[in-house]
2 protein chains.
Amino acid sequence: MNAAEFRKIGKEMVDYVADYMEGVHKRQVYPDVDPGYLRPLIPDSAPQEPETFEDIMKDVEKIIMPGITHWHSPYFFAYFPTASSYPAMLADMLSGAIGCIGFSWIASPACTELETVMLDWLGKMINLPEAFLAGKDGEGGGVIQGSASEATLVSLLAARTKVIRQLQDKCPGLTKAAIMDKLVAYASDQSHSSVERAGLIGGVKLKMIPTDDKFSLRGSALQKMLDEDKAAGLIPFFMVATLGTTSCCSFDNLLELGPICNKENIWMHIDAAYAGSAFICPEFRHLLNGVEFADSYNFNPHKWLLVNFDCSAMWVKKRRDLIGAFKLDPLYLHNHSYQVIPFDEMLCPHFQHWQIPLGRRFRSLKMWFVFRMYGVKRLQAYIRKHVKLSHEFESLVQKDPRFEICTEVVLGLVCFRIKGSNELNEALLEKINKTKKIHLVPCHLRDKFVLRLAICSRTVESVHIQHAWQHITELATELLKKENEQKMNQ
Amino acid sequence: MNAAEFRKIGKEMVDYVADYMEGVHKRQVYPDVDPGYLRPLIPDSAPQEPETFEDIMKDVEKIIMPGITHWHSPYFFAYFPTASSYPAMLADMLSGAIGCIGFSWIASPACTELETVMLDWLGKMINLPEAFLAGKDGEGGGVIQGSASEATLVSLLAARTKVIRQLQDKCPGLTKAAIMDKLVAYASDQSHSSVERAGLIGGVKLKMIPTDDKFSLRGSALQKMLDEDKAAGLIPFFMVATLGTTSCCSFDNLLELGPICNKENIWMHIDAAYAGSAFICPEFRHLLNGVEFADSYNFNPHKWLLVNFDCSAMWVKKRRDLIGAFKLDPLYLHNHSYQVIPFDEMLCPHFQHWQIPLGRRFRSLKMWFVFRMYGVKRLQAYIRKHVKLSHEFESLVQKDPRFEICTEVVLGLVCFRIKGSNELNEALLEKINKTKKIHLVPCHLRDKFVLRLAICSRTVESVHIQHAWQHITELATELLKKENEQKMNQ
């Protein structure tokens, strides 16, 4: 395909994308297919000769679309949102064309520098303490990771390297293995599975600390476990606090946890993957209070800030801690001319030393386009609209005496259930997801099976919330009627 | 921005992309900017009010483009290629619109299923042994990773988990830490820095084994080190063989290494990040002989197979080994309805258990578009064209008695130097990269400083190779003249 053909076909694709976005509410949110549906529909092997764009697009409608869970349908209320906006898509097209691999400054200076400044912009939008910003001469700074999982892992590895070096400096005879055997990391029992996985990958113990009745990790619970572990000869070195847990959007108590971590020389990482976007609104910023105690902080603009996946924003107070964990510098990744520039990680960070992969796309273009084409005020309005919709749903639930709200609705997630058995709620969710008019996923809160309704789509409005609730109550009524009939017959 | 505006602006962006690709050869391949150039050019913080697309695109030309290293310029010969093609860009647009996060089958069945089938297609294109394919009922299968670094890390972690379980099954008293202390992994002294980093992250020893005079890792060298390490009480568990090393595109000897690894219960991972794409041509497939001994195999279609970054293809023989290293399954990532489907990793793999991040884009669309719009024959022709160009450059070098070829030219990389001191060659490279007509990076081969010319761009032709060589020889002539003058004056 040459440029002229791309001009024609690319524009057809732009229309297809616009059609898809405009019409996604008419598609069934959740697919009908069974596992293995796709393989019989396409050839066993790649074609020898070229096929046309038209043929492929026919197959997109025929083969791909029937197997899509439409994350951007206004009837999609599952998991958490994943961002989608036209400015981000435009930036992604540009990023694809430039197609640089920005592992070092010189591999494409604009790619590294725009990222550093965009992370400062975003840090200022959420009023992050100055210490996390790169600014002109800070020790901190931000970087785009692919996911919150990677941010947690990278933090844990940096903390592990730091504590091993500190202990080996004190006692030069200590082996790395002997130290690692005693290292212990912490997170709440509500933290994301990726935290446990970071411990697994890093080869260290990770303990889940019980949360309070609001599913929040408290200082006293941490301190109790620290005391026990230290008495048993373990070495606490890392803690992940979560703001906006995946199950129920609860918030760990940073103001209690932070001072303990600082006093005990424990690296505190904050995972605000979903909730973090809300902190651009002053009225939600208090939820981030205590971040000043943290060593690293992360949230996902690719969840709730209209920057398409992937774009996970991570900041550290001391970038040298991060770099220290990864830095290896073979000559072929150096650039010869680069070596005559005085090395200055501040002006020209080499992001390869901040992350797991070596290569990286020019992702900060997406932030730049979104921040500029929306402006901060419209981004705030977007967050507020979602929060308002979740409260609208909350009040619908509250008005129906058969239902209960399970946890405080703070942002865009509502946890609710029928007052009754887990079996009943499991049956309701099954009915919902079999009917496929809306899509939800559940969680367990202690011993309770709970339904989660997350405000997800960019285009979701009050009318969709009202429809969703009407649909849920209709299914619930059917279910309860059947249950009553069964009871009567017994 | 609404859909109507996106239809208009999106088409402008398509034209911008086409203009950029058509005109990239006219842009200076390597930027003039100094570190820190960008920050003073843009505001300190994000705007409160929306800005227009026109304003942003003006800034793209004014602020971004002057800081871009143009990886797709036909004068870019640095590092290795990074893929760029119009079909991949089209697929990326579609992927951005669908915007699903395919961590589990049900999170978007088409995303998971197309990936499984595309990895089978690609596996067949390179004639990978059946055991690596998912097929209809295989134990193996493929997955898209973000980068070769991640593929190596994931393999190492899978191997680590496997050996720890095996040893703990034999001796239940053994702690994980005690085992990890004795684990040792291997790679050649030519392997990529990401291999060393995987060892660092995984918390295990990693030893670099000396290569032979062709920079190839041989069986005898591995066996020698194994014998020493086992005698010292260490536990060898993992080896990375490289096909197409970054420095000089050398090839480890799989047919010698493989049987040793199999006999010694060592997981063999093959990293063919760059070279792997060439194996779609029958005449290069012999370089992959011995893959049948491997446990995992990886190469990057995002390097040399026209699938834009990121798309790193990885296969394993036993998918349960990979999954075993990562699997954690919280309820909120389950899907309730999904639970009624009999669990069958074969039909519906949950790729979250195959990788470091949780979330993932619909990347297999890029493979599908590229494979279909090119067809296998044109992809083969593309590889052959690049190899032919590297041999053209090689013969130009060979004809000039002042220069030497440093290693055999097998694929698209030529390692060469002026016959003379390292200082002379360093000076030549500095001159080349300061003049900025072409862009190269160096490597060290043993004690020699060597220039690398990699055939990179999709649009590079004989004329660019001829220009590049003419330019290099002109600079060399100047340099040698100056050196002779200095000698005369001494």
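Go through region B:440-477 residue by residue and tally those that are more than 20 Å from residue B:70 (Cβ to Cβ) and assigned to a loop (DSSP other than H, G, I, E, B).
Selection size over region B:440-477: 2.
May I ask you to list pairs of residues, at least six apart or on different chains, whose Cβ atoms are under 8 Å apart, with the first in region B:445-466 being open to solvent by less than 60 Å² (accessible area, probe 1.4 Å) and the second being assigned to a strand (DSSP E or B) and basic (Lys, Arg)?
Filtered contacts from region B:445-466: B:449/B:417; B:450/B:417; B:451/B:417.
Which of the residues spanning region A:77-99 are assigned to a loop (DSSP other than H, G, I, E, B) and either within 7 Å of chain B (Cβ to nearest Cβ) or among the hydroxyl-bearing types (Ser, Thr, Tyr) (or both)?
The answer is A:79, A:82, A:84, A:85, A:99.
Mind telling me which of the residues A:394, A:404, A:408, A:426 ends up being of a type in the set (Asp, Glu) and within 11 Å of chain B (Cβ to nearest Cβ)?
Going through A:394, A:404, A:408, A:426 in turn, just one is of a type in the set (Asp, Glu) and within 11 Å of chain B (Cβ to nearest Cβ): A:426.
Got a sec? Which strands (runs of 3 or more DSSP E) wholly within region B:176-252 have at least 1 residues that are polar (S, T, N, Q)?
It comes to B:183-188, B:235-242.
May I ask you to list the residues in region B:26-43 that are over 30 Å from residue A:130 (Cβ atoms) and either surrounded by fewer than 18 Cβ atoms within 10 Å (Cβ to Cβ) or among the hydroxyl-bearing types (Ser, Thr, Tyr) (or both)?
Result: B:26, B:27, B:28, B:30, B:32.
If you go through region A:261-274 one residue at a time, do you hit one that is of a type outside the set (A, V, I, L, M, F, W, C) and assigned to a helix (DSSP H, G or I)?
Checking region A:261-274: at least one residue is of a type outside the set (A, V, I, L, M, F, W, C) and assigned to a helix (DSSP H, G or I).
Looking only at residues that are touching a Leu at 6+ places or on another chain (Cβ under 7 Å) and of a type in the set (S, T, N, Q) in region B:262-301, which one is most open to solvent (accessible area, probe 1.4 Å)?
So the residue we want is B:289.
Just one of the numbered conditions (1) more than 24 Å from residue A:288 (Cα to Cα); (2) of a type in the set (Val, Ile, Thr); (3) touching a Phe, Trp or Tyr at 6+ places or on another chain (Cβ under 9 Å) is not true of residue A:144; which one?
Result: residue A:144 fails condition (1) only.
Mind listing whichever residues of region A:61-76 are more than 7 Å from chain B (Cβ to nearest Cβ) and of a type in the set (Val, Ile, Thr)?
Hit for region A:61-76 is A:63, nothing else.
Would you say residue B:225 is in contact with a Gly (Cβ under 7 Å, 6 or more places away or on another chain) and not assigned by the TED database to the domain that holds residue B:80?
So residue B:225 does not fit the description; no.
Out of the residues in region A:206-232 that are open to solvent by 10 Å² or more (accessible area, probe 1.4 Å) and in contact with a helix residue (DSSP H, G or I) (Cβ under 7 Å, 6 or more places away or on another chain), which is farthest from residue A:147 (Cα to Cα)?
Among them, the one singled out is A:223.
I'm checking my understanding of the structure. Among residues of region B:315-335 that are modelled with pLDDT under 50 and farther than 18 Å from residue A:198 by Cα, which one is farthest from the other protein chains (Cβ to nearest Cβ)?
B:334
Out of the residues in region B:411-423 meeting the condition of being in contact with a strand residue (DSSP E or B) (Cβ under 7 Å, 6 or more places away or on another chain) and in a loop (DSSP other than H, G, I, E, B), tell me which one is nearest to residue B:472 (Cα to Cα).
B:419
Among what's in region A:134-158 and is within 11 Å of chain B (Cβ to nearest Cβ) and of a type in the set (D, E, K, R), pick the residue that is least open to solvent (accessible area, probe 1.4 Å).
A:150
Applying the selection to region A:373-399, what residues are among the charged types (D, E, K, R) and either open to solvent by 40 Å² or more (accessible area, probe 1.4 Å) or touching a residue at least 60 places away in the same chain (Cβ under 8 Å) (or both)?
A:377, A:378, A:384, A:385, A:388, A:392, A:399
Give B:228, B:150 a once-over and let me know the one that is acidic (Asp, Glu) and closer than 24 Å to residue B:354 by Cβ.
B:150
For region B:17-52, give me each residue that is more than 7 Å from every other protein chain (Cβ to nearest Cβ) and either in contact with a strand residue (DSSP E or B) (Cβ under 6 Å, 6 or more places away or on another chain) or assigned to a helix (DSSP H, G or I) (or both).
Residues satisfying the conditions are B:19, B:23, B:24, B:25, B:26, B:29, B:30, B:40, B:41.
Here's the yes/no breakdown for (1) within 30 Å of residue A:77 (Cα to Cα); (2) hydrophobic (A, V, I, L, M, F, W, C); (3) surrounded by 19 or more Cβ atoms within 10 Å (Cβ to Cβ):
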site	(1), (2), (3)
B:45	no, no, no
B:54	no, no, no
B:57	no, yes, no
B:67	no, no, yes
B:75	no, no, yes
B:84	no, no, yes
B:87	no, no, yes
B:103	yes, yes, yes
B:120	no, no, yes
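Quick one: how many residues across region B:233-248 are away from chain A (no Cβ under 14 Å) and either among the acidic types (Asp, Glu) or open to solvent by 10 Å² or more (accessible area, probe 1.4 Å) (or both)?
1
Sort through A:437, A:431, A:482 and tell me the only one that's in contact with a helix residue (DSSP H, G or I) (Cβ under 6 Å, 6 or more places away or on another chain), over 30 Å from residue A:211 (Cβ atoms), open to solvent by 20 Å² or more (accessible area, probe 1.4 Å) and in a helix (DSSP H, G or I).
Answer to the selection: A:431.
Mind checking which residues of region A:159-173 are open to solvent by 20 Å² or more (accessible area, probe 1.4 Å) and within 12 Å of another protein chain (Cβ to nearest Cβ)?
Across region A:159-173, the qualifying residue is only A:161.
The values are calculated or read from the model by the stated rules, or taken from the named source; none is laboratory data. Remember, it's a predicted structure, so these values are computed and weren't measured experimentally. FYI the Cβ positions are ideal-geometry reconstructions off the backbone, even for glycines, and counts take in every protein chain you see. Ligands, DNA and RNA are excluded from the accessible area calculation, which covers all protein heavy atoms including side chains. Shrake-Rupley method; radii C 1.70, N 1.55, O 1.52, S 1.80 Å.
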